[in-house]
Amino acid sequence: MLLRHNFFFIVLVFFGMVLSGFIYLKNYQNSCNQQIPEQGVIKPTWKQKTVGLRSSPGLLYNQPNVLVGRADVASVTPWSAPIIWEGTFDPTLIDSIYKQQNLTIATTVFALGKYTRFVKDFLESAEQHYFVGFRVHFYLFTDQPESVPEVKMGENRSLTVLKVESLNRWQDISMRRMEKLEKLIENELVSEADYIFCLDIDSKFYGRWGAESLGRLVGVIHPWFYNVPRNQFTYERRPESQAYIPAAEGDYYYAGAAFGGTLEDVYHLTKTCREHLNIDAANSIEAAWQEESHLNKYFLLNKPSKLLSPEYVWRDINVSAAQIKIVRLANVPKNYAEVRPNP
């Protein structure tokens, strides 16, 4: 009996040691697995600023009036985001608030192929109207750096030219923008700027574009679709695409020619759109309006915190509309068949 008892005791101790070793090994593996993502993935460290709407003592400006305002347009979305029109903000007050924050606004444009011809007018008009009095850093992506004209930049204004590969289709140029913007934010701008706007180079400024446009995530209402029902929006309608929006859904139709916000929010936007563009490409799908289609899908699910009216990306300086009291940025008339590399 004694031998049998000792035998069972030895067996019990043995299995206890084995079980303890297994538990230790499992915990060790879990610990290692938890550490790998932290070591292998470098997450952007966003520039932190204390933001408040602090007015300057003694500043004089027109008294606000809750009974006076634009009656011909909507100035707020159903999710309480402001829609910026002429007459809905005081430029003196809003500039005073934001200039105290010592902001840097990064601004990106793409000029590939014959689109370099639009650089001079874009930059020279920006010097007159775009965030005047603020620190602005333009980033110009081009396949022809030698064709970029010299433009005299004002104080605290700078231009960086970034060479990119040439592409044979304008659709490909459009679809690659999100990837380029994502990498620029991640690799260079993450700790250098406070806000970023992504604009089209074939445009010209005609009026003020300033601090009233700043927000966490900013979309611009498309100038061709601001006054039509959503069933006429040119969303991507094929369910197979990541940009798909059903006919009964949609808020506004946003222009791909301009969007912006904080570095963190625009980074998430570009990263998501780039991922969805890649999924579509892997399935041999090209959304109806390339990146603009994916941008509209993103804004449907991730509501902008501020919307800019079509004043900020108008069709043509020579075209008027009753609701457009001022044209701030307008598309430059051109022969697309002549400037684009393909139909």
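The values are calculated or read from the model by the stated rules, or taken from the named source; none is laboratory data. Fair warning: this is a prediction, and the values are worked out from it, not measured in the lab. Cβ coordinates were reconstructed from backbone atoms using ideal geometry, including for glycine residues, and neighbour counts include every protein chain displayed. These accessible areas exclude ligands, DNA and RNA; they are computed on the full protein's heavy atoms, side chains included. Shrake-Rupley method; radii C 1.70, N 1.55, O 1.52, S 1.80 Å.
Structure notes:
- Virtual paramagnetic centre 7 Å along Cα→Cβ of THR88, amide N under 15 Å, in the range 209-226: 210-223, 226
- Taking all Cα pairs closer than 8 Å and separated by 6 or more residues, the relative contact order of the range 180-279 comes to 42 percent.
- Among the protein heavy atoms of the range 187-343, carbon and sulfur supply 50% of the accessible surface, probe 1.4 Å, non-protein parts ignored.
- For the range 222-343, a crude dipole built from +1 on the beta carbon of Lys and Arg and -1 on the beta carbon of Asp and Glu, taken about the Cα centre, is about 320 debye to the nearest 20.
- Where GLU291, GLU264, GLU186 fall by accessible area, highest first, once all protein chains stay in place (1.4 Å): GLU264, GLU186, GLU291
- Theoretical gain in end-to-end length, LYS303 to ALA282 [0.36 nm per residue, Cα-Cα removed]: 4.8 nm
- Computed accessible area, ARG315, all protein chains, 1.4 angstrom probe, square angstrom: 60
- Close Lys-Lys pairs in the range 111-226, where close means Cα under 15 Å and separation is 8 or more or interchain: 5
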